[in-house]
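Dropping the structure in here first, questions after.
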Amino acid sequence: MKVVRRYWVTCVFVIFGFSTANASAEEIVLYTIHLPPHIIDASLLAPPSGFGEVEDVYGSDVEVLRAAYATQGVSVRIELRPWKRIMRDVEAGLVLGAVSCRPIPSRERFAIFSDDLSDSANAFVTRRSFLDDEVPTLDILKKYNVAAVNGWSQTNILDSADIPYSSVSGLEQGINVLLRRNQDVFMTERDSAIFAAKRMQVIDSLSFYDVSELGLDHYTTCFSRSYPEAEKWRDVLNKGLKELGASGKREEILKKYSNFFERQ
């Protein structure tokens, strides 16, 4: 009986160890920031009643990402960090990648990009009707006081156009400097700015103008060129995104979050 018992314990250990190793091999970690409705920190914004259970980090892009990887048998753990730190770690090869990440030229030297998770637009946010008589081009910003979120893609656009700006730490601060300080235009991501303005209950005090010459932008997952197997995980995600689109599940997710967005 002692021999049998020893053998049984050994088998359990081996099976458990194999299962754990296998599960670890099929989980990846990606990094992000709170950017509703694309990415939402549940500790800052709980889902409305009837929305369903969510993880610590949820949102339209996160749910599409997880669902796409799930079609390939891969789970994703999402962790929150400041965006500038994330980009620095992606560039250094310290982390696999980030979501959601615009494929802008300045990132191409250190990152590769997945297919699109979602789309949005660059926008000028102003006090109500401030630019109604203007065509919203980058060139007009040269005569106004401009703000942008430190480390976001809009700062790269402004730098490339040689347009001075003040840095803010996030969407709420950007909106507040419009309404309470001497800033005229806050250049940022449109959908997230509208979402934040509704949450702050100041939407009626603001206007939103899509930047005419920039067109629609795309949110992707960016993977570090210096991280092991980055191309593999990019390709696995792209395959999952195609399957998710073909099944109709992607549209279901986006529709759910569109309804959530409209209620804010």
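Could you check region 56-74 and list, in sequence order, the residues that are closer than 23 Å to residue 85 by Cα, touching a helix residue (DSSP H, G or I) at 6+ places or on another chain (Cβ under 9 Å) and assigned to a loop (DSSP other than H, G, I, E, B)?
Matches in region 56-74: 59 only.
Are there any pairs with C-beta distances below 6 angstrom linking a residue in region 86-101 that is in contact (Cβ under 8 Å) with a residue 24 or more places away in the chain to a residue that is of a type in the set (Gly, Ala, Ser) and surrounded by 23 or more Cβ atoms within 10 Å (Cβ to Cβ), with the two at least 6 apart or on different chains, and if so which?
From region 86-101, the pairs are 86/98; 90/98; 90/111.
When you check residue 224 against the structure, is it modelled with pLDDT under 90, among the hydroxyl-bearing types (Ser, Thr, Tyr) and either in contact with a strand residue (DSSP E or B) (Cβ under 9 Å, 6 or more places away or on another chain) or at positive phi (or both), yes or no? Don't jump to the end; show me each part of the working.
Details: modelled with pLDDT under 90: no; among the hydroxyl-bearing types (Ser, Thr, Tyr): yes; either in contact with a strand residue (DSSP E or B) (Cβ under 9 Å, 6 or more places away or on another chain) or at positive phi (or both): yes.
No.
Does at least one position in region 237-250 carry a residue that is surrounded by 19 or more Cβ atoms within 10 Å (Cβ to Cβ), out of contact with any strand residue (DSSP E or B) (no Cβ under 9 Å at 6 or more places or on another chain), hydrophobic (A, V, I, L, M, F, W, C) and closer than 30 Å to residue 89 by Cβ?
The answer is yes, given that some residue of region 237-250 is surrounded by 19 or more Cβ atoms within 10 Å (Cβ to Cβ), out of contact with any strand residue (DSSP E or B) (no Cβ under 9 Å at 6 or more places or on another chain), hydrophobic (A, V, I, L, M, F, W, C) and closer than 30 Å to residue 89 by Cβ.
Please work out which one of (1) open to solvent by 60 Å² or more (accessible area, probe 1.4 Å); (2) in a loop (DSSP other than H, G, I, E, B); (3) not hydrophobic (A, V, I, L, M, F, W, C) is the condition residue 47 fails and give its number.
Tallying (1) open to solvent by 60 Å² or more (accessible area, probe 1.4 Å); (2) in a loop (DSSP other than H, G, I, E, B); (3) not hydrophobic (A, V, I, L, M, F, W, C), residue 47 fails exactly one: (1).
Which condition number does residue 245 fail, the rest of (1) touching a residue at least 40 places away in the same chain (Cβ under 8 Å); (2) at negative phi being met?
The number of the failed condition is (1).
Ok, one more. Could you tell me which residue of region 169-197 is nearest to residue 84 (Cα to Cα), considering only residues that are open to solvent by less than 40 Å² (accessible area, probe 1.4 Å) and assigned to a loop (DSSP other than H, G, I, E, B)? Step through it out loud before you land on a result.
Residues of region 169-197 open to solvent by less than 40 Å² (accessible area, probe 1.4 Å): 170-171, 174-175, 177-178, 183-189, 191-197.
Next cut, assigned to a loop (DSSP other than H, G, I, E, B) only: 170, 183-184.
Numbers: 170: 12, 183: 23, 184: 25 Å.
By that ranking, first place goes to 170.
Let me ask something additional. Out of all the residues in region 212-229, is one or more within 17 Å of residue 126 (Cβ to Cβ), outside any helix (DSSP H, G or I) and of a type in the set (A, V, I, L, M, F, W, C)? Walk me through it before giving the result.
Quick first cut of region 212-229, residues within 17 Å of residue 126 (Cβ to Cβ) only: 212, 214.
Filter again for outside any helix (DSSP H, G or I), leaving 212, 214.
Retained after the next criterion (residues that are of a type in the set (A, V, I, L, M, F, W, C)): 214.
So far as region 212-229 goes, yes, one or more of its residues are within 17 Å of residue 126 (Cβ to Cβ), outside any helix (DSSP H, G or I) and of a type in the set (A, V, I, L, M, F, W, C).
Follow-up question, since we're still on this one. Identify, please: which residue in region 142-168 is assigned to a helix (DSSP H, G or I) and without any contact (Cβ under 8 Å) to a residue 12 or more places away in the chain and is, among those, most open to solvent (accessible area, probe 1.4 Å)?
Going through the qualifying residues, I end up with 143.
Looking only at residues that are without any contact (Cβ under 8 Å) to a residue 24 or more places away in the chain and more than 18 Å from residue 87 (Cα to Cα) in region 198-228, which one is surrounded by the fewest Cβ atoms within 10 Å (Cβ to Cβ)? Spell out how you get there, then give the answer.
Of all residues in region 198-228, those without any contact (Cβ under 8 Å) to a residue 24 or more places away in the chain come to 201, 203, 228.
Narrowing further to those that are more than 18 Å from residue 87 (Cα to Cα): 201, 203.
Numbers: 201: 8, 203: 17.
Applying the filter and picking the extreme gives 201.
List pairs: first residue in region 178-194 and within 21 Å of residue 156 (Cβ to Cβ), second residue among the hydroxyl-bearing types (Ser, Thr, Tyr) and open to solvent by less than 20 Å² (accessible area, probe 1.4 Å) anywhere in the structure, Cβ distance under 7 angstrom, at least six positions apart or on different chains.
Pairs that qualify, where the first residue is within 21 Å of residue 156 (Cβ to Cβ) and the partner is among the hydroxyl-bearing types (Ser, Thr, Tyr) and open to solvent by less than 20 Å² (accessible area, probe 1.4 Å), are 184/126; 185/126; 189/120; 190/120; 191/120.
Restricting attention to region 116-141, and to residues there that are part of a loop (DSSP other than H, G, I, E, B) and open to solvent by less than 60 Å² (accessible area, probe 1.4 Å), which single residue is nearest to residue 194 (Cα to Cα)?
Ranking the candidates gives 129 first.
Name the single residue, out of those in region 88-109 being open to solvent by 20 Å² or more (accessible area, probe 1.4 Å) and hydrophobic (A, V, I, L, M, F, W, C), that is nearest to the chain's Cα centre (by Cα). Show your work before the answer.
Step one: list which residues in region 88-109 are open to solvent by 20 Å² or more (accessible area, probe 1.4 Å), which gives 88, 91-92, 94, 103-106, 108-109.
In the following step, the residues that additionally are hydrophobic (A, V, I, L, M, F, W, C) were identified as 92, 94, 104.
Values: 92: 20, 94: 19, 104: 14 Å.
So, considering only residues that are open to solvent by 20 Å² or more (accessible area, probe 1.4 Å) and hydrophobic (A, V, I, L, M, F, W, C), the one nearest to the chain's Cα centre (by Cα) is 104.
Collect the residues in region 105-115 that are out of contact with any strand residue (DSSP E or B) (no Cβ under 9 Å at 6 or more places or on another chain) and either more than 30 Å from residue 225 (Cα to Cα) or in a loop (DSSP other than H, G, I, E, B) (or both), keeping them in residue-number order.
Residues satisfying the conditions are 108, 109.
The values are calculated or read from the model by the stated rules, or taken from the named source; none is laboratory data. Please read all numbers here as calculations on a predicted model, not as lab measurements. Counting neighbours? That spans all protein chains shown, and the Cβs are built from the backbone with ideal geometry, glycine included. Quick note on the areas: whole protein, heavy atoms, side chains included, nothing else; ligands and nucleic acids left out. Shrake-Rupley method; radii C 1.70, N 1.55, O 1.52, S 1.80 Å.
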